[in-house]
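The values are calculated or read from the model by the stated rules, or taken from the named source; none is laboratory data. Note that the structure is predicted; figures quoted are calculated from it, not measured. Don't worry about glycine lacking a Cβ; one is built from the backbone with ideal geometry, like all the others, and counts go over all protein chains shown.
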């Protein structure tokens, strides 16, 4: 079970993640996108998913990743991501509830470039009973 | 003329096991339910299923094409209602279409439909683009 005290906490990623052209190329290749000058709209999941998996599975937070399914996902894109961008990612546990034994947690990930918000992404994750 | 209610042309994408492997590498999501049939069955799934985010990435391509490029996609959200099941050796359809739901200040809102084998796989799928 998720520790309820963690709801509302923000975990500020301090590392700057530099986006390589090869990462954008690989993502574009899968979906048949020929314009590789800009990252596709859902590309940032590559950064956010890895980060909040690390956060949510810490023993003090306690989410069971092995029974997890993705419930829904939303992106607000303020500025397109390109190769060479240095991004930081802060994850906030926005909400948590239990319904029919399933745990439902929403995490907001805010990606910044040079202090400016680039993308906010909301991921709702469901840990099946 | 683009107006509220305009239905955009349908596009069909195909998903197979090789694509799931490529997407796992491109996205970093190596969950075995998307690649290993034995594992998928062991956790109660009918077969290997596509990453929900792969489905969403393909719909994102559809939206980017409509918008004249990914740079014009401002918002995109969806609920994963049913898994897209990918049996070995098969190319499974992902059929995408959209309807213009709002036009305000040069921004177009789309309500998106995504089905696979006739089953709706995304719910509440919406996007806002600048066009």
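Candidates in the stretch B:35-58 are the residues that are over 15 Å from the mean Cα position of the chain (by Cα) and either crowded, with 21+ Cβ neighbours inside 10 Å or in a strand (DSSP E or B) (or both); of these, the one that is modelled with the lowest pLDDT is B:40. None of A:38, A:47, A:77 is more than 8 Å from chain B (Cβ to nearest Cβ), crowded, with 18+ Cβ neighbours inside 10 Å and closer than 27 Å to residue B:126 by Cβ except A:47.
If you go through the stretch A:2-28 and keep only what is at pLDDT below 90 and farther than 14 Å from residue A:93 by Cα, you end up with A:14, A:15. Out of the residues in the stretch A:1-35 that are in contact with a strand residue (DSSP E or B) (Cβ under 9 Å, 6 or more places away or on another chain) and without any contact (Cβ under 8 Å) to a residue 12 or more places away in the chain, state the one that is nearest to the other protein chains (Cβ to nearest Cβ). Among residues in the stretch A:1-35 that are in contact with a strand residue (DSSP E or B) (Cβ under 9 Å, 6 or more places away or on another chain) and without any contact (Cβ under 8 Å) to a residue 12 or more places away in the chain, the one nearest to the other protein chains (Cβ to nearest Cβ) is A:31. The set of residues in the stretch B:83-111 being outside any loop (DSSP other than H, G, I, E, B) and surrounded by 22 or more Cβ atoms within 10 Å (Cβ to Cβ) consists of B:94, B:96, B:98, B:108, B:110. Quick check: is even one residue across the stretch A:108-128 free of Cβ contacts under 8 Å to residues at least 40 places away in the same chain and under 15 Å from residue A:4 (Cβ atoms)? No: zero hits. Among the residues here, residue A:125 does not qualify as over 19 Å from residue B:52 (Cβ atoms), surrounded by 15 or more Cβ atoms within 10 Å (Cβ to Cβ) and in contact with a helix residue (DSSP H, G or I) (Cβ under 8 Å, 6 or more places away or on another chain). Of all residues being without any contact (Cβ under 8 Å) to a residue 60 or more places away in the chain and in a loop (DSSP other than H, G, I, E, B) in the stretch A:50-69, which is nearest to the other protein chains (Cβ to nearest Cβ)? Just the residue, please. The qualifying residue nearest to the other protein chains (Cβ to nearest Cβ) is A:57. Quick check on residue B:74: is it surrounded by 15 or more Cβ atoms within 10 Å (Cβ to Cβ), within 11 Å of chain A (Cβ to nearest Cβ) and under 30 Å from residue A:66 (Cα atoms)? When the stated conditions are applied, residue B:74 does not pass them.
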